[in-house]
Amino acid sequence: MVRPPHDMKIFTGSANRSLGESVSRYLKVPLGKTHLSRFLDGEVWFQIEENVRGKDVFVLQSTSTPVNEHLMELLIMIDALKRASAARITAVIPYYGYARQDRKDRPRVPISAKLVANLISVAGCNRVLTMDLHASQIQGFFDVPVDHLFAAPVIIDHVAQMGLEDLCVVSPDAGGVERARAYAKRLGATLAIVDKRRETANVAEVHNVIGDVSGKTVLIVDDLVDTAGTLCKVAEALAESGAGKILASASHAVLSGNAVRNINASRISQLIVTDSIEERPERKSDKIVVLPIGELMGKAIQNIHEEASITSLFI
(Lines give C-alpha, C1' and ligand atoms only; values in the text may rest on other atoms or scores of the structure.)
Protein backbone atom coordinates (compact mmCIF):
# COMPACT_ATOMS: atom_id res chain seq x y z
CA MET A 1 0.00 0.00 0.00
CA VAL A 2 1.35 3.45 -0.99
CA ARG A 3 1.38 5.81 1.95
CA PRO A 4 0.37 9.43 1.31
CA PRO A 5 3.25 11.96 1.59
CA HIS A 6 1.95 13.46 4.83
CA ASP A 7 2.51 10.11 6.56
CA MET A 8 6.29 10.53 6.15
CA LYS A 9 8.45 12.16 8.81
CA ILE A 10 12.19 12.82 8.60
CA PHE A 11 14.38 13.46 11.63
CA THR A 12 18.11 13.99 11.89
CA GLY A 13 20.66 13.88 14.68
CA SER A 14 23.70 16.10 15.03
CA ALA A 15 26.11 13.95 12.99
CA ASN A 16 25.24 15.33 9.55
CA ARG A 17 22.44 17.87 9.65
CA SER A 18 23.44 19.34 6.29
CA LEU A 19 22.75 16.00 4.59
CA GLY A 20 19.41 15.78 6.41
CA GLU A 21 18.51 19.22 5.08
CA SER A 22 19.52 18.15 1.56
CA VAL A 23 17.28 15.07 1.76
CA SER A 24 14.47 17.22 3.17
CA ARG A 25 14.71 19.67 0.25
CA TYR A 26 14.67 16.86 -2.31
CA LEU A 27 11.60 15.21 -0.79
CA LYS A 28 9.90 18.52 0.01
CA VAL A 29 9.27 17.18 3.51
CA PRO A 30 10.38 19.45 6.40
CA LEU A 31 12.73 18.04 9.00
CA GLY A 32 10.90 16.97 12.15
CA LYS A 33 11.06 19.26 15.15
CA THR A 34 13.16 17.93 18.01
CA HIS A 35 15.20 19.07 20.96
CA LEU A 36 18.60 17.42 21.33
CA SER A 37 20.99 18.41 24.10
CA ARG A 38 23.39 17.06 26.74
CA PHE A 39 23.38 16.96 30.51
CA LEU A 40 26.54 18.37 32.11
CA ASP A 41 27.92 14.84 32.50
CA GLY A 42 27.48 14.17 28.77
CA GLU A 43 24.24 12.18 28.81
CA VAL A 44 22.12 12.66 25.68
CA TRP A 45 18.69 14.24 26.18
CA PHE A 46 16.20 14.08 23.32
CA GLN A 47 12.56 15.06 22.80
CA ILE A 48 10.30 14.90 19.75
CA GLU A 49 8.35 18.15 19.48
CA GLU A 50 5.60 16.98 17.12
CA ASN A 51 3.18 14.09 16.73
CA VAL A 52 4.57 10.94 15.08
CA ARG A 53 1.83 8.48 16.02
CA GLY A 54 1.13 6.16 13.09
CA LYS A 55 3.76 7.85 10.89
CA ASP A 56 6.43 6.35 8.62
CA VAL A 57 9.55 7.81 10.23
CA PHE A 58 13.09 8.06 8.85
CA VAL A 59 15.87 9.07 11.24
CA LEU A 60 19.11 10.08 9.52
CA GLN A 61 22.35 9.74 11.46
CA SER A 62 25.84 8.73 10.35
CA THR A 63 27.87 7.11 13.11
CA SER A 64 30.90 9.24 12.35
CA THR A 65 33.35 11.03 14.67
CA PRO A 66 32.70 11.09 17.59
CA VAL A 67 31.38 7.63 16.79
CA ASN A 68 30.06 6.64 20.21
CA GLU A 69 28.32 9.99 20.75
CA HIS A 70 26.50 9.77 17.43
CA LEU A 71 25.65 6.10 17.89
CA MET A 72 24.09 6.82 21.28
CA GLU A 73 22.10 9.71 19.78
CA LEU A 74 20.73 7.35 17.13
CA LEU A 75 19.69 4.72 19.67
CA ILE A 76 17.97 7.28 21.90
CA MET A 77 16.16 8.86 18.95
CA ILE A 78 14.88 5.45 17.80
CA ASP A 79 13.71 4.62 21.33
CA ALA A 80 11.86 7.95 21.62
CA LEU A 81 10.13 7.40 18.27
CA LYS A 82 9.12 3.85 19.22
CA ARG A 83 7.65 5.06 22.51
CA ALA A 84 5.83 7.84 20.64
CA SER A 85 4.01 5.14 18.60
CA ALA A 86 5.59 5.70 15.18
CA ALA A 87 4.22 3.09 12.75
CA ARG A 88 7.59 2.27 11.24
CA ILE A 89 11.11 3.52 12.04
CA THR A 90 13.84 3.37 9.40
CA ALA A 91 17.38 4.17 10.52
CA VAL A 92 19.13 5.96 7.66
CA ILE A 93 22.84 5.47 8.34
CA PRO A 94 24.87 6.79 5.39
CA TYR A 95 28.12 5.83 7.14
CA TYR A 96 27.98 2.79 9.42
CA GLY A 97 30.74 3.04 12.03
CA TYR A 98 32.32 -0.12 13.53
CA ALA A 99 31.93 -1.80 10.13
CA ARG A 100 35.64 -2.61 10.01
CA GLN A 101 35.20 -4.90 13.04
CA ASP A 102 33.12 -7.45 11.16
CA ARG A 103 34.95 -10.69 12.04
CA LYS A 104 37.24 -12.37 14.56
CA ASP A 105 40.60 -11.93 12.85
CA ARG A 106 42.55 -12.66 16.04
CA PRO A 107 41.85 -14.37 19.38
CA ARG A 108 39.57 -12.83 22.01
CA VAL A 109 38.25 -9.86 20.04
CA PRO A 110 34.61 -8.78 19.61
CA ILE A 111 32.60 -8.61 16.42
CA SER A 112 31.60 -5.02 17.05
CA ALA A 113 29.73 -4.57 13.77
CA LYS A 114 27.31 -7.29 14.92
CA LEU A 115 26.99 -5.76 18.41
CA VAL A 116 26.06 -2.36 16.95
CA ALA A 117 23.53 -4.01 14.63
CA ASN A 118 21.97 -5.69 17.68
CA LEU A 119 21.78 -2.38 19.54
CA ILE A 120 20.02 -0.67 16.63
CA SER A 121 17.53 -3.53 16.23
CA VAL A 122 16.77 -3.77 19.96
CA ALA A 123 16.29 0.01 20.20
CA GLY A 124 13.18 -0.41 18.04
CA CYS A 125 14.33 0.08 14.45
CA ASN A 126 12.15 -1.66 11.82
CA ARG A 127 14.43 -1.15 8.83
CA VAL A 128 17.93 0.13 7.97
CA LEU A 129 19.08 2.14 4.96
CA THR A 130 22.84 2.45 4.63
CA MET A 131 25.51 2.99 1.99
CA ASP A 132 28.73 1.21 1.02
CA LEU A 133 29.23 -1.03 4.02
CA HIS A 134 32.86 -2.00 4.56
CA ALA A 135 31.74 -5.62 4.13
CA SER A 136 28.46 -6.57 2.45
CA GLN A 137 27.84 -9.45 4.84
CA ILE A 138 27.14 -6.92 7.62
CA GLN A 139 23.61 -6.77 6.18
CA GLY A 140 23.13 -10.22 7.67
CA PHE A 141 24.06 -8.97 11.15
CA PHE A 142 20.71 -7.17 11.42
CA ASP A 143 17.48 -8.85 12.42
CA VAL A 144 15.53 -6.29 10.34
CA PRO A 145 15.55 -5.64 6.56
CA VAL A 146 18.54 -3.70 5.23
CA ASP A 147 18.67 -1.63 2.04
CA HIS A 148 22.28 -1.25 0.96
CA LEU A 149 22.99 1.64 -1.40
CA PHE A 150 26.18 2.38 -3.31
CA ALA A 151 27.79 5.75 -3.97
CA ALA A 152 29.11 4.38 -7.27
CA PRO A 153 26.50 6.09 -9.51
CA VAL A 154 27.36 9.49 -8.02
CA ILE A 155 31.14 9.00 -8.21
CA ILE A 156 31.08 7.37 -11.65
CA ASP A 157 29.01 10.23 -13.12
CA HIS A 158 31.56 12.72 -11.77
CA VAL A 159 34.54 10.77 -13.16
CA ALA A 160 32.83 10.26 -16.53
CA GLN A 161 32.30 14.01 -16.87
CA MET A 162 36.03 14.58 -16.37
CA GLY A 163 36.70 13.03 -19.79
CA LEU A 164 39.75 11.06 -18.67
CA GLU A 165 41.58 9.11 -21.37
CA ASP A 166 43.34 5.76 -21.01
CA LEU A 167 41.82 5.21 -17.57
CA CYS A 168 42.69 2.31 -15.29
CA VAL A 169 40.65 1.58 -12.16
CA VAL A 170 42.74 0.25 -9.27
CA SER A 171 41.67 -1.79 -6.26
CA PRO A 172 43.94 -0.95 -3.28
CA ASP A 173 43.68 -4.54 -2.00
CA ALA A 174 42.33 -7.94 -2.98
CA GLY A 175 39.14 -7.42 -0.98
CA GLY A 176 38.06 -4.47 -3.10
CA VAL A 177 38.38 -6.14 -6.50
CA GLU A 178 34.63 -6.61 -7.00
CA ARG A 179 34.00 -2.90 -6.35
CA ALA A 180 36.84 -1.82 -8.66
CA ARG A 181 35.66 -4.18 -11.41
CA ALA A 182 32.17 -2.63 -11.29
CA TYR A 183 33.67 0.85 -11.66
CA ALA A 184 35.92 -0.25 -14.51
CA LYS A 185 32.99 -1.82 -16.38
CA ARG A 186 30.87 1.33 -16.11
CA LEU A 187 33.75 3.63 -17.09
CA GLY A 188 35.08 1.43 -19.89
CA ALA A 189 38.43 1.29 -18.12
CA THR A 190 41.04 -1.40 -17.51
CA LEU A 191 41.57 -2.95 -14.08
CA ALA A 192 44.61 -3.30 -11.82
CA ILE A 193 45.10 -4.57 -8.27
CA VAL A 194 47.60 -3.62 -5.60
CA ASP A 195 48.76 -6.60 -3.56
CA LYS A 196 49.89 -5.76 -0.04
CA ARG A 197 52.10 -8.03 2.06
CA ARG A 198 54.70 -7.88 4.82
CA GLU A 199 58.16 -9.29 4.16
CA THR A 200 58.82 -9.81 7.88
CA ALA A 201 57.29 -8.79 11.20
CA ASN A 202 57.50 -5.08 11.98
CA VAL A 203 58.57 -4.32 8.39
CA ALA A 204 56.47 -1.93 6.33
CA GLU A 205 54.10 -3.35 3.76
CA VAL A 206 55.38 -4.01 0.25
CA HIS A 207 52.97 -3.02 -2.52
CA ASN A 208 53.03 -4.98 -5.78
CA VAL A 209 50.98 -3.72 -8.70
CA ILE A 210 49.18 -6.42 -10.66
CA GLY A 211 48.21 -5.05 -14.07
CA ASP A 212 49.50 -2.47 -16.51
CA VAL A 213 49.32 1.13 -15.23
CA SER A 214 52.28 2.55 -17.13
CA GLY A 215 51.44 5.94 -18.64
CA LYS A 216 47.79 5.63 -17.65
CA THR A 217 45.49 7.82 -15.62
CA VAL A 218 44.55 5.71 -12.61
CA LEU A 219 41.59 5.87 -10.25
CA ILE A 220 42.01 4.13 -6.89
CA VAL A 221 38.59 2.99 -5.65
CA ASP A 222 37.91 2.30 -1.97
CA ASP A 223 34.95 2.38 0.43
CA LEU A 224 36.49 4.74 3.00
CA VAL A 225 39.59 6.78 3.71
CA ASP A 226 40.61 7.13 7.35
CA THR A 227 44.20 8.26 8.00
CA ALA A 228 44.98 7.93 4.25
CA GLY A 229 48.24 6.16 5.09
CA THR A 230 47.52 3.06 3.00
CA LEU A 231 45.97 5.13 0.21
CA CYS A 232 49.12 7.26 -0.09
CA LYS A 233 51.34 4.15 -0.11
CA VAL A 234 49.22 2.69 -2.90
CA ALA A 235 49.57 5.93 -4.87
CA GLU A 236 53.34 5.81 -4.39
CA ALA A 237 53.49 2.22 -5.64
CA LEU A 238 51.44 3.16 -8.70
CA ALA A 239 53.72 6.12 -9.44
CA GLU A 240 56.77 3.86 -9.20
CA SER A 241 55.08 1.53 -11.70
CA GLY A 242 54.82 4.35 -14.21
CA ALA A 243 51.28 5.61 -13.67
CA GLY A 244 50.53 9.11 -14.92
CA LYS A 245 47.83 11.13 -13.20
CA ILE A 246 46.64 9.48 -9.97
CA LEU A 247 43.12 10.01 -8.62
CA ALA A 248 41.34 8.28 -5.77
CA SER A 249 37.76 7.88 -4.62
CA ALA A 250 36.14 6.77 -1.38
CA SER A 251 32.49 6.77 -0.40
CA HIS A 252 33.19 7.82 3.19
CA ALA A 253 35.65 10.59 4.12
CA VAL A 254 36.51 9.63 7.71
CA LEU A 255 39.78 11.62 7.46
CA SER A 256 41.19 11.05 10.93
CA GLY A 257 44.45 12.37 12.37
CA ASN A 258 46.88 13.63 9.71
CA ALA A 259 44.79 12.37 6.81
CA VAL A 260 44.45 15.72 5.02
CA ARG A 261 48.16 16.45 5.47
CA ASN A 262 49.01 12.99 4.10
CA ILE A 263 46.79 13.51 1.06
CA ASN A 264 48.22 16.97 0.35
CA ALA A 265 51.77 15.57 0.45
CA SER A 266 50.97 12.51 -1.68
CA ARG A 267 51.06 11.72 -5.41
CA ILE A 268 47.25 11.88 -5.47
CA SER A 269 46.01 14.80 -7.58
CA GLN A 270 42.36 14.51 -6.54
CA LEU A 271 40.41 12.57 -3.89
CA ILE A 272 36.71 12.18 -4.67
CA VAL A 273 34.42 11.54 -1.68
CA THR A 274 30.74 12.01 -0.75
CA ASP A 275 29.06 13.96 2.02
CA SER A 276 27.98 10.79 3.86
CA ILE A 277 30.12 12.27 6.65
CA GLU A 278 29.66 15.97 7.26
CA GLU A 279 32.42 18.14 5.83
CA ARG A 280 34.35 20.13 8.41
CA PRO A 281 36.74 23.07 7.92
CA GLU A 282 39.77 21.13 9.19
CA ARG A 283 39.11 18.39 6.63
CA LYS A 284 39.02 20.66 3.60
CA SER A 285 41.71 20.58 0.92
CA ASP A 286 42.08 21.74 -2.66
CA LYS A 287 42.68 18.08 -3.52
CA ILE A 288 39.41 16.84 -1.99
CA VAL A 289 36.17 16.99 -3.99
CA VAL A 290 32.96 16.32 -2.02
CA LEU A 291 29.97 15.02 -4.00
CA PRO A 292 26.40 15.32 -2.61
CA ILE A 293 24.31 12.19 -1.99
CA GLY A 294 21.15 13.94 -0.78
CA GLU A 295 19.25 13.11 -3.97
CA LEU A 296 20.36 9.46 -3.90
CA MET A 297 19.29 9.11 -0.26
CA GLY A 298 16.08 10.99 -0.94
CA LYS A 299 15.11 8.68 -3.81
CA ALA A 300 15.79 5.62 -1.65
CA ILE A 301 13.69 7.01 1.21
CA GLN A 302 10.84 7.82 -1.19
CA ASN A 303 10.89 4.32 -2.65
CA ILE A 304 10.95 2.69 0.79
CA HIS A 305 8.07 4.92 1.89
CA GLU A 306 6.04 3.92 -1.18
CA GLU A 307 6.99 0.23 -0.84
CA ALA A 308 8.72 0.40 -4.23
CA SER A 309 11.93 -1.29 -5.32
CA ILE A 310 15.21 0.55 -4.89
CA THR A 311 17.15 -1.77 -7.21
CA SER A 312 17.20 0.96 -9.87
CA LEU A 313 19.38 3.06 -7.55
CA PHE A 314 22.11 0.43 -7.43
CA ILE A 315 25.12 0.44 -9.73
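Here the strands (runs of 3 or more DSSP E) wholly within region 154-255 that include at least 3 residues being surrounded by 20 or more Cβ atoms within 10 Å (Cβ to Cβ) are 167-171, 217-225, 246-253.
Specify which of the listed residues (L313, L255, L231) is in contact with a strand residue (DSSP E or B) (Cβ under 7 Å, 6 or more places away or on another chain), of a type in the set (A, V, I, L, M, F, W, C), within 30 Å of F58 (Cβ to Cβ) and at pLDDT below 95. Quick ask: steps written out before the conclusion?
Numbers: L255 fails: at pLDDT below 95; L231 fails: within 30 Å of F58 (Cβ to Cβ).
One residue alone meets the criteria, L313.
Scan region 21-64 for residues that are small (G, A, S) and within 27 Å of the chain's Cα centre (by Cα) and jot them down.
Residues satisfying the conditions are S22, S24, G32, S37, G42, S62, S64.
If the condition is being of a type in the set (V, I, T) and closer than 11 Å to Y96 by Cβ, then region 127-152 contributes V128, T130, I138, V146. Among the residues of region 296-306, is there at least one that is modelled with pLDDT under 95, part of a loop (DSSP other than H, G, I, E, B) and either of a type in the set (V, I, T) or touching a strand residue (DSSP E or B) at 6+ places or on another chain (Cβ under 8 Å) (or both)? No, every residue in region 296-306 fails to be modelled with pLDDT under 95, part of a loop (DSSP other than H, G, I, E, B) and either of a type in the set (V, I, T) or touching a strand residue (DSSP E or B) at 6+ places or on another chain (Cβ under 8 Å) (or both).
Does V289 meet the test of being surrounded by fewer than 19 Cβ atoms within 10 Å (Cβ to Cβ) and either under 27 Å from M8 (Cα atoms) or within 19 Å of the chain's Cα centre (by Cα) (or both)? Lay out the reasoning, then the answer.
Numbers: surrounded by fewer than 19 Cβ atoms within 10 Å (Cβ to Cβ): yes; either under 27 Å from M8 (Cα atoms) or within 19 Å of the chain's Cα centre (by Cα) (or both): yes.
It is true that V289 is surrounded by fewer than 19 Cβ atoms within 10 Å (Cβ to Cβ) and either under 27 Å from M8 (Cα atoms) or within 19 Å of the chain's Cα centre (by Cα) (or both).
The values are calculated or read from the model by the stated rules, or taken from the named source; none is laboratory data. Keep in mind it's a predicted model, so treat the numbers as computed, not measured. Virtual Cβ from ideal backbone geometry, glycine too; neighbours counted across all protein chains shown.
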